[in-house]
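> Questions regarding the structure given below will be posed in turn.
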Amino acid sequence: MTVDGLKIGEGLPASGDDGGPSVSRLPRFRHWRWRWLAWFALALAVIIAVSGAILLTRANAYRPLTYGLDGSGGLRYPGLPAGHGIRDVNNLGGFRQDHYIPPQRGTFYLFASVMNTGSRAVIIESVTLPRFSHLVLSSPIRYGRPSGPNTSGIGPANRILHNARLGANKQIFIAFPVHSWPCAKTRSSAWSAVPRFYVHYRFMFFHRVAALPWGFDDDEIIMRTPFGKPGQPGVFCAT
C-alpha cells in the first residue's frame with residue numbers, strides 16, 4: 001500500500017534507534033552494576049577485617065596492671081588482724097626489699113595494692129597465691145577502695161573480691177586472709193618464698209593474669225620452711 005508513492009512501514013524508525021537505551025544494552029548494564037557492588041562489598045569486608053584484627057591485637061596486648069601507689073608497713077591492712085614479727089629484710093642500699101614472715105598462729109591479713117595504669121577499665125575477676133605456697137588462704141579475699149574522692153587513703157576491706165571494676169588510673173587494696181604452719185627449724189638453711197600474687201582480670205573478652213610483687217621494689221615474701229611441732233628439739237613455734 002502506498003500513499004503518494006510511499007510504502008506504509010517504510011521510513012519508520014526501528015526500536016532503539018530513537019536515542020533511548022537499547023534492549024540489548026540492559027543485560028550488560030546489570031552485569032557491571034552487580035560486579036561493582038561485589039567489589040565494593042569485598043573492599044568493605046577487607047576494611048572491617050583489618051580494623052577488627054588491629055583492634056583485637058591491641059586489646060590482646062593491653063596489660064595495664066601494676067603494684068599500686070600506696071603501701072603499708074609490715075604488710076598490714078588497716079583495721080584487720082596483722083601478722084606478728086613481720087619485718088623488712090634484704091633492703092641494703094635501698095635498691096629493693098623483701099618481707100620476712102616468721103611462723104604464725106591463726107589467720108592474719110596481708111596487704112597489697114593493685115593499680116590500673118591504662119586508659120581503659122578492666123574487670124578484676126579474682127586474686128590468687130602461687131600453688132604450693134606455704135601461705136594458705138583461709139577465707140575469700142577482700143578488697144577496699146580509696147577512702148574518699150581524689151584521695152589515696154586506704155578504705156576498709158569490706159567487699160569480697162569478685163568481678164570488681166577497676167577504672168583507668170585507679171587502684172584497689174587487697175586483703176589476703178592467710179595462715180601458715182606455726183613451727184620451723186631453729187637452725188636451718190631451708191627457706192621458702194612467695195614471690196608474687198596473681199591478679200586474674202578481663203578486658204573485653206580477653207582473660208589475662210598479672211603476676212605482681214608485694215611492693216614497689218619488686219618485693220617478695222620469705223619464710224623459713226615449715227617444720228615440726230611444739231616441743232620438738234631444734235624447732236621454734238609461734239607463741
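The values are calculated or read from the model by the stated rules, or taken from the named source; none is laboratory data. Model, not experiment: these values are computed from the prediction. Quick reminder, even Gly has a Cβ in these numbers, built from the backbone with ideal geometry, and neighbours come from all protein chains shown.
> Would you say Trp181 is in contact with a Leu (Cβ under 8 Å, 6 or more places away or on another chain), in a loop (DSSP other than H, G, I, E, B) and crowded, with 16+ Cβ neighbours inside 10 Å? Walk me through how you get there before you give the answer.
Numbers: in contact with a Leu (Cβ under 8 Å, 6 or more places away or on another chain): no; in a loop (DSSP other than H, G, I, E, B): yes; crowded, with 16+ Cβ neighbours inside 10 Å: yes.
Judged against the criteria, Trp181 is not a match.
> Restricting to region 71-106, count the residues that are in a loop (DSSP other than H, G, I, E, B) and either among the aliphatic types (A, V, I, L, M) or surrounded by 16 or more Cβ atoms within 10 Å (Cβ to Cβ) (or both). Can you show your working first?
The initial filter retains those residues of region 71-106 that are in a loop (DSSP other than H, G, I, E, B), namely 71-72, 76-86, 90-91, 95-97, 101-106.
After this cut, where a residue has to be either among the aliphatic types (A, V, I, L, M) or surrounded by 16 or more Cβ atoms within 10 Å (Cβ to Cβ) (or both) as well, the list is 71-72, 76-78, 80, 82-83, 86, 97, 101-104.
Residues meeting the conditions: 14.
> Same structure again: From the set of residues in region 203-227 that are part of a loop (DSSP other than H, G, I, E, B) and over 29 Å from the mean Cα position of the chain (by Cα), which is nearest to Ala112 (Cα to Cα)? First the steps, then the outcome.
First, the residues of region 203-227 that are part of a loop (DSSP other than H, G, I, E, B): 204-205, 213-220, 225, 227.
Among the residues that remain, those that are also over 29 Å from the mean Cα position of the chain (by Cα) are: 225, 227.
Numbers: Thr225: 23, Phe227: 27 Å.
Among those residues, the one meeting the criterion is Thr225.
> For the structure I just gave you, tell me whether Ala193 is modelled with pLDDT of 90 or more, aliphatic (A, V, I, L, M) and either surrounded by 13 or more Cβ atoms within 10 Å (Cβ to Cβ) or not in a loop (DSSP other than H, G, I, E, B) (or both). If you could, list the steps in order and put the result at the bottom.
Details: modelled with pLDDT of 90 or more: yes; aliphatic (A, V, I, L, M): yes; either surrounded by 13 or more Cβ atoms within 10 Å (Cβ to Cβ) or not in a loop (DSSP other than H, G, I, E, B) (or both): yes.
Taking the combined requirement at face value, the residue satisfies it.
Quick grid of which residues meet (1) farther than 21 Å from Gly118 by Cα; (2) part of a loop (DSSP other than H, G, I, E, B):
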{"position": "Ile174", "(1), (2)": "no, no"}
{"position": "Pro177", "(1), (2)": "yes, no"}
{"position": "Ser188", "(1), (2)": "yes, yes"}
{"position": "Tyr201", "(1), (2)": "no, no"}
{"position": "Lys229", "(1), (2)": "yes, yes"}
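> What are the residues in region 47-77 that are modelled with pLDDT of 85 or more and either over 23 Å from Asn169 (Cβ atoms) or of a type in the set (Ser, Thr, Tyr) (or both), if any?
Those that are modelled with pLDDT of 85 or more and either over 23 Å from Asn169 (Cβ atoms) or of a type in the set (Ser, Thr, Tyr) (or both): Thr66, Tyr67, Leu75, Arg76, Tyr77.
> May I pose another question? Would you check which residues across region 114-139 are in a strand (DSSP E or B) and under 22 Å from Ser180 (Cα atoms) and list them?
To start, the set of residues in region 114-139 that are in a strand (DSSP E or B) comprises 114-116, 122-128, 136-137.
Scanning region 114-139 gives Ser126, Val127, Thr128, Val136, Leu137.
> On the basis of being in contact with a His (Cβ under 8 Å, 6 or more places away or on another chain) and under 19 Å from Thr66 (Cβ atoms), does Arg202 make the cut? Don't jump to the end; show me each part of the working.
Details: in contact with a His (Cβ under 8 Å, 6 or more places away or on another chain): no; under 19 Å from Thr66 (Cβ atoms): yes.
So Arg202 fails the test.
> Surrounded by fewer than 15 Cβ atoms within 10 Å (Cβ to Cβ) and either assigned by TED's automatic domain parsing to the domain that holds Leu80 or under 21 Å from Glu125 (Cβ atoms) (or both): is that true of Phe173 in this structure? Please lay out each step first, then the result.
On the way: surrounded by fewer than 15 Cβ atoms within 10 Å (Cβ to Cβ): no; either assigned by TED's automatic domain parsing to the domain that holds Leu80 or under 21 Å from Glu125 (Cβ atoms) (or both): yes.
Answer is no for this residue.
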